[in-house]
Amino acid sequence: MISIKNLHKKFGNLHVLKDVSAHIAEQEVVVIIGPSGSGKSTLLRCINYLEQPTEGEIVVDGIPLTSEANINKVREEVGMVFQRFNLFPHMTVLQNIALAPVKVRGMQRAEAEQVALVLLEKVGLSDKANAYPEQLSGGQQQRVAIARALAMKPKVMLFDEPTSALDPEMIKEVLDVMKTLANEGMTMAVVTHEMGFAREVGDRVIFMDEGRIVEEGLPDDVFLNAKEERTKAFLSKIL
Amino acid sequence: MNFDFELIIQSFPLLLMGAGVTVQITVLSVGFGLLIGMFVGIARLATIWPVKMLAAVYVDFIRGTPLLVQIFLIYFALPLIVGQRIDPFIAAITACSVNSGAYVAEIFRGGIQSIDKGQMEAGRSLGMTWGQTMRYIILPQAFKRIIPPLGNEFIAMLKDSSLVSVIGFEELTRRGQLIIARTYGSFEIWITVAFIYLVMTFTISRFVDYLERRYKTDDKH
Ligand SMILES: Nc1ncnc2c1ncn2[C@@H]1O[C@H](COP(=O)(O)OP(=O)(O)OP(=O)(O)O)[C@@H](O)[C@H]1O
Ligand SMILES: [Mg+2]
């Protein structure tokens, strides 16, 4: 579904991603872990071209990221959920979700709102359709953000630390929605340090450090029997 | 010194008509300025460098030269280029609009830059183009934040529009000058003119305060 070959990303002199190659299969859930600054967010952001790769090749669902037209096509297929939700504060929850399907997919407003209501039910927020983001808790906002991304019917979902801005009691409600998605067969790349989630729904864990993929494997293998010293050192800090 | 109160009463209707013209030129100039400023402000944030540079040159030129000189330039230099005299009204509106546009552009730029970068990223990640995200996500939020500085720009333009009196355009200040030329009542007329400006600017600034308060409690929607 996603294939990344020899990806490099530099910010000026700062070499953030160094020769990263990875493959994410259809319906696979890949969890990316690693210390702060190791390039996890940058990698996700390269996949939908929020950051322009310096070198290398990324192909999403058979579409190479080369021309501007392709970039928009890829973005239609790839949903992204951010650490800080990034809901549109001047729109209601319903409008947040229905906007892109209308503007990008050319859907009729009524139909888009119908889709939005179905998605809100799925994330357990049917009663919040007409609320504004600021009236919701962090966990509710993040669930709306997930619904908003799903409204574009993406083939892949990228999550960049979706629960790290949340109070502990709200983390579960967001992870539950993500688990449901995974069980329905969504292809997902998730940056998170929620080990429970990684072990329960992750098909594979990638450990990154200093811009490189240091180790990858089945969640239990990586968490319980890491081969690399750096992985062990990192896991001992967070577990 | 004898203060001629009768003169003030007699001239008042004429001065009020001048004030009406002042308001008219201000509304038109800031209106066009808003249009120019929105596009130039966005252009200053563009990634295409010729667009960005052109916008910067325009803003720097206008903000780096006196409005009075800009009015002369348009009134006296433009006819040489166009090959015919231009009407003082057209010249006045053009000069003030072009001037206002540069200041409004900076206001827009600041307003757009004050919106969290995550908003643009969220819009783009949903597949919307840069233009769509600007239009539906960024600008509606920026508009609310720039109401106070736009109000100040309106007040500044209302006062600065007195400069178009130099090309004989009959707004409030020019009306005052004409009445003085006829009656020699400089003190009475200038104090009345000042008073009328003050009432106008005070009214607008109260209105802007009101809008600001309303949107502060109501920042998100
Ligand atoms: N737009 C940018 N300009 C310059 N440097 C950047 C930019 N974005 C990220 N970086 C740098 O790239 C490096 C990797 O950042 P990235 O956000 O990908 O790390 P991360 O693994 O997601 O970290 P965290 O766990 O803190 O989110 C960091 O050193 C960061 O400072
Ligand atoms: Mg990050």
Any hit, the stretch A:12-21, residues being away from chain B (no Cβ under 13 Å), closer than 23 Å to A:Gly138 by Cα and either surrounded by 22 or more Cβ atoms within 10 Å (Cβ to Cβ) or away from ligand 2 (no atom under 15 Å from the Cβ) (or both): no
Answer residue from the stretch A:26-44, given it is open to solvent by 40 Å² or more (accessible area, probe 1.4 Å) and within 15 Å of A:Met157 (Cα to Cα) and is nearest to ligand 1 (Cβ to nearest atom) among those: A:Ser41
Residue check, A:Met170 in contact with a strand residue (DSSP E or B) (Cβ under 7 Å, 6 or more places away or on another chain) and either among the hydrophobic types (A, V, I, L, M, F, W, C) or away from every other protein chain (no Cβ under 12 Å) (or both): no
Elements of type helices (runs of 4 or more DSSP H) contained in the stretch A:158-239, each with 1 or more residues being more than 30 Å from A:Leu136 (Cα to Cα): A:219-224, A:229-238
One residue from B:Arg124, B:Arg145, B:Arg135 being out of contact with any helix residue (DSSP H, G or I) (no Cβ under 8 Å at 6 or more places or on another chain) and within 14 Å of another protein chain (Cβ to nearest Cβ): B:Arg135
Residue count for the stretch A:170-207, restricted to those that are open to solvent by 50 Å² or more (accessible area, probe 1.4 Å) and within 16 Å of ligand 1 (Cβ to nearest atom): 2
Any hit, the stretch A:95-107, residues being surrounded by fewer than 20 Cβ atoms within 10 Å (Cβ to Cβ), part of a strand (DSSP E or B) and more than 11 Å from chain B (Cβ to nearest Cβ): no
Neighbours by Cβ (under 9 Å, 6+ apart or cross-chain): first from the stretch A:33-47, in contact (Cβ under 8 Å) with a residue 12 or more places away in the chain; second open to solvent by 40 Å² or more (accessible area, probe 1.4 Å) and within 8 Å of ligand 1 (Cβ to nearest atom): A:Lys40/A:Glu161; A:Ser41/A:Gln83; A:Ser41/A:Glu161; A:Thr42/A:Phe11
So A:Glu111, is it within 16 Å of ligand 1 (Cβ to nearest atom) and touching a helix residue (DSSP H, G or I) at 6+ places or on another chain (Cβ under 9 Å): no
Filter result for the condition that a residue is β-branched (Val, Ile, Thr) and over 30 Å from A:Pro101 (Cα atoms), over B:Ile115, B:Ile74, B:Ile48: B:Ile74
Residues of the stretch B:124-183 that turn out to be outside any helix (DSSP H, G or I), touching a residue at least 40 places away in the same chain (Cβ under 8 Å) and either buried (at least 18 other Cβ atoms within 10 Å of the Cβ) or more than 23 Å from the chain's Cα centre (by Cα) (or both), as a count: 3
Which listed residue is within 18 Å of B:Glu6 (Cβ to Cβ) and within 22 Å of the chain's Cα centre (by Cα), from B:Val208, B:Val193: B:Val193
Criterion violated by B:Gly111 - all others in (1) more than 12 Å from chain A (Cβ to nearest Cβ); (2) surrounded by fewer than 17 Cβ atoms within 10 Å (Cβ to Cβ) satisfied: (2)
Odd one out for A:Ile2 among (1) modelled with pLDDT under 95; (2) within 14 Å of chain B (Cβ to nearest Cβ); (3) open to solvent by less than 30 Å² (accessible area, probe 1.4 Å): (2)
Identity of the residue in the stretch A:50-83, open to solvent by 50 Å² or more (accessible area, probe 1.4 Å) and in contact (Cβ under 8 Å) with a residue 60 or more places away in the chain, that ends up nearest to A:Arg143 (Cα to Cα): A:Gln83
Selection status of B:Ala55, open to solvent by less than 40 Å² (accessible area, probe 1.4 Å) and under 22 Å from B:Ile167 (Cβ atoms): no
Answer residue from the stretch A:59-83, given it is more than 12 Å from the chain's Cα centre (by Cα), within 18 Å of A:Gln27 (Cα to Cα) and part of a strand (DSSP E or B) and is modelled with the lowest pLDDT among those: A:Ile63
Residue in the stretch A:65-73 that is among the basic types (Lys, Arg) and within 14 Å of ligand 1 (Cβ to nearest atom) present: no
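The values are calculated or read from the model by the stated rules, or taken from the named source; none is laboratory data. Just so we're clear, the structure is a prediction, and the values are computed from it rather than from any experiment. Backbone-built Cβ (ideal geometry, glycine too); neighbour counts: all protein chains shown. Quick note on the areas: whole protein, heavy atoms, side chains included, nothing else; ligands and nucleic acids left out. Shrake-Rupley method; radii C 1.70, N 1.55, O 1.52, S 1.80 Å.
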